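Data block below; observations after.
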Amino acid sequence: MDFKRPFEDTSYSEVILTPEGNGTKVTWTLDSELERPMNLMRFFMDGAMDKSYGEGLAKLKEISEK
């Protein structure tokens with residue numbers, strides 16, 4: 001993913017699907033190598049990303065259960 005604001009960065013995301021019982025465990029990662037002082041933004045971004053991850057996972061669940 002390429003971010004433009006509030007700073008430029010390229011991050012790498014991965015969705016890993018692992019069979020687990022009668023379902024599937026979903027692990028969604030986001031990796032970025034920000035330099036100081038922007039690396040401190042990670043703590044503020046976690047909350048914002050939680051919302052995006054939640055929405056994305058809900059959509060994945062909706063699509064996969066059709």
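The values are calculated or read from the model by the stated rules, or taken from the named source; none is laboratory data. None of these values were measured; they are calculated from a predicted model. Note that we place each Cβ from the backbone using ideal geometry, even for glycine, and neighbour counts take in every protein chain shown.
Filtered by the rule that a residue be at pLDDT below 85 and not in a strand (DSSP E or B), the stretch 1-28 gives MET1, LYS4, ARG5, PRO6, PHE7, GLU8, SER11. Within the stretch 19-31, the set of residues being over 17 Å from GLY56 (Cα atoms) and β-branched (Val, Ile, Thr) is empty. Scanning the stretch 31-63 for residues that are surrounded by 11 or more Cβ atoms within 10 Å (Cβ to Cβ) and modelled with pLDDT of 75 or more returns SER52, TYR53, GLY56, LEU57, LEU60, LYS61.
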